[in-house]
Amino acid sequence: MDVQFKSLHEIEALRDEKLTKLINYTYHSAPFYRKRFEQDGIRPEEIKGIGDLNRLPVLSKREILDNEKTLITPNFNQKLYTRKTGGSTGMTLHFMKEALALALNDAIMYRCYNWYGIEIGDKQVRFWGVPVTSKLRWKEQIKDFILNRIRISAFDISESSCLKQYERIKKFRPVYFYGYTTAIYGFCLFMKKLGIDLNSLNLKAVICTAEKMYPHHQQLFNEVFRCPIVDEYGSSENGILAFRCKKGNMHMMTDHMCIEFLDENNQQVKAGELGRIVITDLASYAMPLIRYDIGDMGRPSDKECSCGVNLPLMEIIEGRKEDFIRTKEGKLIHAAYLCYTLKDDTVSEFKMYQKDLHTLLVYIVKSPAFNSITEKMLDKKLRTALGEDMKITFEYLDRIPREKSGKLRYFVSEIDNL
Ligand SMILES: [Zn+2]
């Protein structure tokens with residue numbers, strides 16, 4: 001029987017079995033981990049399941065960066081592939097993966113897509129970044145062709161380009177949309193404005209990834225699509241970690257990875273409580289990452305889902321640790337809160353930078369409804385949360401620059417040591 005339909009108890013037993021195998025392997029084959037285990041006086045056979053993992057230290061991004069070479073298992077005689085992850089912290093990490101681990105990531109992906117009737121090779125419209133150099137662009141084009149997908153540049157979402165892209169999409173006859181939430185959102189805004197009915201495409205699903213879906217995204221998607229809108233939680237280094245099912249619940253890929261939710265003392269939080277997400281990918285042997293802190297926050301859930309899949313649930317990601325605005329008084333305010341504040345009819349795009357504890361810089365792309373009192377209103381709304389002491393500066397742009405990946409980040413904190 002397909003593992004996802006087995007009982008939760010069986011799924012967890014399978015996970016723990018894979019974990020003991022990985023721990024045992026790293027102890028005997030990976031000097032980096034052997035040293036770590038020995039420092040803490042741990043024998044591999046003492047780690048019998050996810051509950052014992054808290055005896056091992058958490059692996060931070062900084063440690064990975066400092067140990068990129070030594071984390072790779074010596075004498076691992078298979079071809080390795082590199083996966084890069086950039087990110088808000090400004091660090092670029094390189095992860096080495098063996099073919100089997102990558103193939104498994106794809107298998108997990110199609111298992112999830114299949115919940116919506118999407119099959120391997122089904123036509124995809126991908127709202128994504130486009131490489132800057134022509135050589136890399138060419139490589140991506142070949143990949144897109146082989147994988148039966150077309151790409152809509154997340155860097156180029158405008159009224160005129162969207163109309164052209166829509167014609168291209170119609171001819172292509174896709175089965176589903178996939179991509180960055182803000183890119184699909186931007187595209188939908190223009191389609192709505194132009195009066196184009198996206199339902200004529202008969203999509204099976206719209207899968208949003210990499211950026212949190214806010215209520216205003218959801219609202220527009222529900223308006224313009226009749227198919228399911230799905231959010232995927234994954235990372236370039238681990239693939240899909242959790243995926244939303246037809247009943248609206250986020251199922252974790254527990255049969256392939258240990259997903260822990262930790263408090264500030266590295267202890268597991270209770271169901272429903274917010275914790276840092278820490279991942280142990282159970283199929284990566286070339287460069288094992290045991291208890292990797294990926295920098296996201298989420299809540300484990302002990303609820304059950306009626307969709308038939310018994311993989312356990314988690315609740316929506318609260319965003320990254322560095323997504324919090326800090327005030328002089330030591331208050332942490334989630335940037336999403338300010339996103340709601342700024343997201344009104346007068347502003348079409350925005351981005352905030354917290355320079356230091358006293359200074360917030362807000363870039364705004366005005367919408368036609370922006371008028372002479374808008375700035376004052378926005379300033380007032382922001383101050384309700386941030387207090388009178390914060391120096392808030394507004395600057396106006398025609399377009400907010402995207403990250404290298406094509407993603408739009410709403411908020412960047414330049415304060416160290418959050
Ligand atoms: Zn479900």
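FYI, it's all coordinate maths here, none of it is from the lab. These figures come from a predicted structure and were not determined experimentally. Glycine also receives a Cβ, built like all others from the backbone with ideal geometry; neighbour counts cover every protein chain displayed.
Some observations on this one:
- Taking a ≥ b ≥ c as the square roots of the eigenvalues of the Cα gyration tensor, segment 201-276 is prolate, since a/c reaches 1.5 or more and a/b is larger than b/c.
- DSSP beta bridge pairing in the chain, given as percent antiparallel to the nearest 5: 60 percent
- Degrees between helix 374-386 axis and first principal axis of the chain (Cα, 0 to 90, nearest 10): 30 degrees
- Sites Lys355 and Glu140, calculated FRET efficiency, Cβ-Cβ separation with R0 25 Å, nearest 0.05: 0.10
- Spin-label pair Asp122-Lys246: with each label point 7 Å from Cα along the Cα-Cβ axis, the two points sit 1.1 nm from one another.
- Bridging of Lys6 to aspartates and glutamates at a Cα separation below 19 Å is possible for Asp16, Glu17, Asp255, Asp302, Glu304, once same-chain residues fewer than 8 apart are set aside.
- Mean residue ellipticity (222 nm) of the chain, computed from DSSP H runs ≥ 4 via -39,500 (n - 2.57), nearest 500: -9000 deg cm²/dmol
- Inter-probe distance in nm under a simple model that places probes 7 Å from Cα toward Cβ, at Ala385 and Ser7: 4.5 nm
- GNM on the chain, alpha-carbon springs under 10 angstrom: the most fluctuating residue among Tyr396, Tyr285, Tyr110 is Tyr396.
- Highest-fluctuation residue, Ile229, Ile142, Ile364 considered, GNM on the chain with Cα pairs under 10 Å: Ile142
- On the basis of the beta-carbon distance and an R0 of 51 Å, Lys270 and Ala99 show a calculated FRET efficiency of 0.85.
- Structure remark: mean-square fluctuation, Gaussian network model of the chain, C-alpha springs under 10 Å; the largest value among Pro401, Pro288, Pro228 belongs to Pro401.
- Over 31 Å between alpha carbons, listed pairs Lys61/Lys139; Lys246/Lys270; Lys97/Lys247; Lys171/Lys303: Lys97/Lys247; Lys171/Lys303
- Angle in degrees between helix 99-113 and the longest Cα principal axis of the chain, rounded to the nearest 10: 50 degrees
- Inter-probe distance in nm under a simple model that places probes 7 Å from Cα toward Cβ, at Val130 and Tyr396: 2.9 nm
- Built amide H within the under 5 Å cut-off of Leu289, gap 5+: Asp281
- Cα centroid separation, segment 62-79 to segment 182-244 (Å): 36 Å
- Förster-model FRET efficiency, 25 Å R0, Ser372 and Ser158, C-beta, rounded to 0.05: 0.40
- Stretchable slack from Thr70 to Asn148, in nm (0.36 nm times residue separation minus alpha-carbon distance): 24.3 nm
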